[in-house]
Structure formats: C-alpha cells, structure tokens
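Right, one structure below, let's go through it.
Taken together, the values in this text are just the output of simple stated rules run on the coordinates, not laboratory data. None of the values given here were measured: they were computed from a predicted structure. Every residue, glycine among them, receives a Cβ derived from its backbone with ideal geometry; neighbour counts consider all protein chains shown.
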Amino acid sequence: MKADSISGKQNNLHSSGIYDELTQSYNRAFYQEMLDEFVTSTLSLGKPLNAILININQFAKINNFYSLQAGDSILISLCMRIREFFNHQQVLIRMNGDEFMILVSDNVDLELLERLYETLSTPYHVNGNILECSVRLAYLLNLNLSFNVNNLYSSLASSINFAKRAKINLIKFDPVHSELSYNKLDFPAAIQKLFDEDRFFIVLQPVGTDINQIIGYEVLVRLDLDGNILNPDMFIDYIMENGFSSKLNQLMLDKVILLLQNECWSHLLSTTQLKISINLALSVENFLLHVDELLKVYVINKELFQNVQLEFEITENQLMPDDAKNSHFFRQLIEKVHQFGIRLALDDFGVAYSSLQRLMECRFDTVKLDMSFARALNPRHDNYENSLAIFEAISFYARKMNIDLVAEGIETLEQLRILQGIGYKYFQGYILGQTLAFIDACQLHMEKYSQS
C-alpha cells in the first residue's frame, strides 16, 4: 500500500500539517490524528500489518561533530533506503528527530528485518565523506484489532530503550520491556512473568589450573527475551530491588540439581571430582533465611553432590562498607554453609568495598579477583608493573590466610603464564573456555577427560 493512498483525507499533504518536508514522510501529527483509522481500515480488509520502529544510534553526535546538514543528508538517505527496500509499499512516519516508524501491510519475518538492519546500517556517503551510522530496530508483527494503537509508539520505544541497555540492535516487542523500562508499571508482575515463562536459564564457565585442565565450573544465570540473551548486569538490580533474589537463587540450585541428574553428568561425576560454584544474588535483609531454604534443598539432594564440591559465591558489592553488623551476618553465613561442607567465595574482589580487613573478618574460602585487574597484565601496557604488584600483594596475603585465589578475565596465554610464575593456581576466562550450555560443557569435559 503506497503512502499517498492511505485515505482521501490526505490529498493535500503539504497543507494538512501531517507531512515532513525534509524526509518526504509523514510526521507525528499523522500518527496522532490518523493512525487509528489507517490501522483499523487495513486490518478490516484482512491484510497483515506490521510495525517497525527505527532509532538512529548517537545521531546527535553526527550533527555536532559534522554538521546539521550532514545529519539531514543521512535522514534523507535513510528514508530513501527504506522506500527502496519495501518497494514504496510502506507507510513511513517520522516520530521525532532520529526515530521513524514503518507500517508494512505485507508479510515480514526475521530474515527480512535482519536485511533491513544491514541496509540501514551500511555507511552513508555525505559530501565526499563516508559516515558510519547504525540503527536499532524494534518490531511488532501481525497487529490485530485488540491492540491499542495509541500505545504502539510507546510500546516499541520501550523495546528500543531496553535494546540500548542490553546493547542489541534488533528486538521484538515484549510487554516485559515496558514493565522493566518505566517505573509507573508493575515491576513484580513483570518479573514474576519471567519466572512463570521459564525465561531464566544457566550456563557454565570453566575454572581451571591451565589450558585443558578444568577443575570445575561457575554457574551463571542468563535471561532469554525472545532470543535476546541478557547477562545479569541487565536485570539483576530489578530482581533484587523487587524481592526476587531468593526465587532466583532457588531456581539456579534447582537447575544445577537437574544438571547433576542428567545422564552425561552422572557418568562424568562417577569418575571425576568437580567444583560447582553458584553465584548467588543475596540482599542483606533475610539472607540467612534464604540460605536456609537453599540448604534444605541441598540436603534432600545431597547424594547427587557426592563428587561435587559445592561453592556459593557472593559478589563484593553485596558487602556494605564499614558495617560491623553486615560483617557479622556474613560470618554467620560462612559458619552455616561450612556445617554442610559447602565453601563460600567472594566474587569480583577489588572493585567495590575491598579491604584486607574484610578478608580477615569473614575468612572466605575463595577470593576471585575482578577481571579488570587482568586488563593491564601485559608487559606492553603502561600499568603493567602496578597490575603485577597488586596481583603479588593479594597473593601474599591470601597464602597467609589459606584462601584460594582465582584470577578472572584471563584471555591470553601470556597472562596465564605470568600469573603462574608468581604462584597463582586457579584461573577463569576465555583462555580456558567460553560459557557453555550444561550439556555442551559435559560433553566437552568428557572428551578432554578421556584424552588425559
């Protein structure tokens, strides 16, 4: 359907106030005044209707660094590409300076959307210069009459906002995006929906003493939003602030138990001992009660852990500074889990409320150095000497206190050998292997174990 045939009311677009002269597209006034009629008439004819919102990444920087004229040229070229891509069979609306909505009355699938993204993100030629300009796309396919079109833009905009935070470029609208993007909506209901739909899953990251010498795995949680896989830093604050940390911890332990019941893992653990570390989300309030609930599940399934050294991890930012009561709670936690033969690790050490006094007070079994320290662990890096000195100092105190150290973020063989040279034994990072689904991790471990 061509844009100029939408309605008889639009014969004189230029004088009607619903047309953007620069980009030769409709403007927001069209969306506000005529969209409902257009959507209703299209769907009433039994035609499919799909909506796509395009957001130009960092468009203000293009205007500021080059010129407003350069920005205008990109807008004009982008709209021309859209029309050519859809063979002029679309409705194009400029929603604001750097956002456009496309309404397509034709079949649209993920492959087509990926090609559209590539088309619009191809560099633009402006006044003899080649300008990089990428976009983000949010889409809602197969609109129906039950959908409130007045919320169409805000719905897709919430997905764009979510995509920016998740650093992804193509995202399908999900009501969860709205609920997680705007404080006025019901956070607990949105998060509960994620649990009800089993959107959380676990992956395993290897921990080892050297390449091809894996001694265990850290269990990490991921969130699947229609194929967009999110790391915890994108959702963990929502989980903890809304009282779902205990539910997430329970989910992770339950999934580890299912893992251990799997035939592959059962066979592997019949001949191999491994450490399994679960990274917990703990809030200080009621956290001992939450841990008690985990321990009850552990006791019921203890026979599955016969060849597993279970370790709970907490991140350093869960330790508040200069809080004696907080330290007391964590000492209680350590004593409690030790009664069940479970170890406790402090993760991401060195970036939040670090202090050697904290290690002395709480006496963790394992301390995992934050990956940021490893970035300078390169003789050609300006801060190499300082980085090496920090690793050596922490290693000295850890040995004195009988604490196992794990260096995180180790990506190169050079980093690995440097740390081994100053006494480090345990490592985590891409040099040892990327995160894997639990079946893949088991099969890979079996292959390496059978070769050793």
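Quick notes on this one:
- Under-5 Å amide H pairs with VAL406, H placed in peptide plane, nonlocal only: VAL367, LYS368, LEU369
- Helical runs assigned H by DSSP (4 residues or longer) give the chain a calculated mean residue ellipticity at 222 nm of -13500 deg cm²/dmol, each run adding -39500 (n - 2.57) before division by the residue total.
- The long axis of helix 438-451 is offset from the longest Cα principal axis of the chain by roughly 50 degrees.
- Taking the number of Cβ atoms within 10 Å of each Cβ as an exposure proxy, the fewest-first ranking of VAL207, VAL337 is VAL337, VAL207.
- Answer label, with mean projected area of the Cα convex hull in nm² calculated from the coordinates and candidates [x] 27.3; [y] 21.7; [z] 20.3: [x]
- Taking the C-alpha atoms only, the angle from helix 384-400 to the longest principal axis of the chain is near 40 degrees.
- Between GLN69 and ASP382, the FRET efficiency from the beta-carbon distance, with R0 = 35 Å, is close to 0.30.
- Restraint check, LYS336/LYS448; LYS255/LYS448; LYS255/LYS400, Cα-Cα greater than 31 Å: LYS336/LYS448; LYS255/LYS400
- Considering only segment 193-451, percent of DSSP beta bridges that pair antiparallel, nearest 5: 40
- Size of electric dipole in the chain: Cβ of Lys, Arg +1 and of Asp, Glu -1, about Cα centre, debye, nearest 20: 240
- Near ASP106, the amide H atoms lying under 5 Å from its own belong to ASN50; only residues 5 or more places off or on other chains count, and H is placed 1.01 Å from N.
- For segment 3-184, lysine pairs with C-alpha atoms less than 24 angstrom apart, excluding pairs fewer than eight positions apart on the same chain, total 8.
- Under 5 Å between amide hydrogens, built in the peptide plane, is the criterion, and for GLU218 it picks out GLN205, VAL207, SER277 among residues at least 5 positions away or on other chains.
- Note on the chain: antiparallel DSSP beta bridges, both residues inside, total approximately 60 percent of the bridges counted.
- Building the convex hull from the alpha-carbon atoms of segment 200-289 and averaging its projection over directions returns 7.6 nm².
- Fraction in percent of alpha-carbon pairs per bin - 10 Å, segment 3-184: 9, 37, 38, 15, 1
- Helix axis angle, 68-85 relative to the chain longest principal axis, alpha carbon, degrees: 80
- Summary of the geometry: segment 377-432 and segment 227-254, compared by the centres of their Cα atoms, lie 30 Å apart.
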